[in-house]
Amino acid sequence: MGQGKKIMRKRMDLLCQRNNADHNTDEITTRQLIVRRGQPFLITVEMSFAFQPSDVLKFTVETGEAPFFLVLNVSQGSLSDLQRGIVTLSVTPAVDAPVGRYALSVETESGRAAKESLVVLFNPWCRDDMVFLPDEKERREYVMNEQGIVYKGTAHYIISDVWEFGQFEEEMVDICLRLLDVNPKYQKDPDDDVAARCNPIYVSRVISAMINSNDDRGVLTGRWDDNYQGGTCPTRWNSSVTILQQWYNNSCMAVKFGQCWVFAAVMCTVMRFFGIPCRVVTNFDSAHDENNSLTIDEYFDEYGLKDTRHRLNFHVWVEGWMKRPDLNRGSKYDGWQVLDPTPQERSEGVFCCGPAPVAAIHEGATDLKYDIPFVFSEVNADKVKWRTKMKHLSDTSSVGQNISTKAVGSFTRNDITNTYKYKEVVNIPIQIPYSVYIKYSANLDSVKVTAQASDGDGEIYEAETNLALEDPPITIKVLGEARVNCPMTIEVEFENPLNETLRSCSLTVIGCGLFRSGYIDR
């Protein structure tokens, strides 16, 4: 270090605005450094003495309760006015670094500067990262897009609901990192958990478990019995931000209530924040295999009345994009992986599901991890029908219809059924007059219809379909000029399709930073 004691100024400029823009994180914030692994960033260190080529700067970057040290590749990429003691360095987080918050300090022989902090995320732009996604349009859709579509309804009438993912709201940094830190694996062994956060397979599985609250301090409590007292009806939600904020601000107490599309949409937000490409997927006529038989048994009495315990309608999960070196099949099962945070069955003792490679589901490779047999049944199980304890029909085609996700770069539907299964099925729609089910429509959004027929030889045939109650189209107009930080008036218009007056109606509107309240009652 040369002659005499050299005192370092306690100043380190992380150049947040420049670095975050380079790392595609400036939409989150420019007030703290958020970078992606495997990609260099710049920092400037100011000292009170002239910097000599023989001088040494020691970087320490650590995370976790028992410090986990991040491996850095440091080069003196730009030396700025050495005589004034100002040094600009290029720092590259290792491409397999654990994601999370790190403390960064710079030290000379004479002492340590004040600590700064940074957040490291997965990097779908980096070819060597396990989540690398080659197509820029897909990266913009599956990592950067804060708005999306959730598909509901039935295979014959698909409803598209707009959802606000909001993964780049500034508070998402604290919320998503907190979600990792309250998971039971971290509470049990922080060292092992932090070290494992280098792997998107592990991280996505933890997120799947933490979105539901069944085993832990997870985000959402599910409810399917139409009793939503003490919480919010799942159909009222249209933003992940509101749910995650409520969970975080209430000391990680579970938010009430969610159903499959809510669980999936919230998980998509967290995955996209961490940099794992993610999309929400809806499977119509989805099955639930409770006994690992790869079949769904349905029972009818002699009059054709059905036991409704295994009712099918639609189910929503997410797909995350990542490599699967753990399966030892080369790159065969890299790519989209099914992850399902809705609590249905336990996986290795925990209510989570996946990641299950879509390619393995398509090929029926049910001997691979994770949870492939369960997901295979959801999209491709045989439905076996029993009448008065006698098997009378095996349906191999009705499960798994019109598997849907939002298209890249537009608000249109992309049918991805052929990625999950080989082609089947002719569908025949059924129309029923509204007058038949009007008295049930106030509390239902879909109707299941079953028809039976028999021929002269005594063979029994059956068809089944789900019908959704159609929503009228809504138009929204801004009246007058819209200005930043000024009130504005909007007009919402729709046509009542019924021959009766609507009462007790409500309107929910969304837009980050636009509305003080998203709920209007009329």
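The values are calculated or read from the model by the stated rules, or taken from the named source; none is laboratory data. What you see is a predicted model; the values in this text were computed from it and never measured. A quick note on method: Cβ atoms are made from the backbone with ideal geometry, for glycine too, and the neighbour counts reach across all protein chains shown. Note: accessible area is taken over every heavy atom of the protein model, side chains too, but ligands, DNA and RNA are not part of it. Shrake-Rupley method; radii C 1.70, N 1.55, O 1.52, S 1.80 Å.
Exactly one residue among Asp174, Asp193, Asp215, Asp161 is in the same structural domain as Arg279 (by the TED database), closer than 27 Å to Thr29 by Cβ and open to solvent by 30 Å² or more (accessible area, probe 1.4 Å), and that residue is Asp174. The set of residues in the stretch 166-183 that are in contact with a strand residue (DSSP E or B) (Cβ under 8 Å, 6 or more places away or on another chain) and either among the aliphatic types (A, V, I, L, M) or without any contact (Cβ under 8 Å) to a residue 40 or more places away in the chain (or both) comprises Val173, Leu177, Leu180.
The combined condition, being free of Cβ contacts under 8 Å to residues at least 60 places away in the same chain, over 18 Å from Arg279 (Cβ atoms) and of a type in the set (A, V, I, L, M, F, W, C), is fulfilled by Val219.
When the strands (runs of 3 or more DSSP E) confined to the stretch 33-108 are screened for residues that are modelled with pLDDT under 70, those reaching at least 1 such residues are found at 72-78, 100-108. For the stretch 344-368, filtered to residues that are crowded, with 24+ Cβ neighbours inside 10 Å and not in a strand (DSSP E or B), the residue that is farthest from the chain's Cα centre (by Cα) is Ile361. Restricted to the stretch 132-207, the set of helices (runs of 4 or more DSSP H) holding at least 1 residues that are among the aromatic types (Phe, Trp, Tyr) comprises 184-188. Against the definition (more than 28 Å from Trp125 (Cα to Cα), modelled with pLDDT of 70 or more and open to solvent by 50 Å² or more (accessible area, probe 1.4 Å)), how does Arg11 come out, yes or no? Yes; evaluated as a whole, the condition is true for this residue.
Can you tell me which residues in the stretch 453-468 are out of contact with any Phe, Trp or Tyr (no Cβ under 7 Å at 6 or more places or on another chain) and modelled with pLDDT of 75 or more? Listed by number, the list holds a single entry, Asn466.
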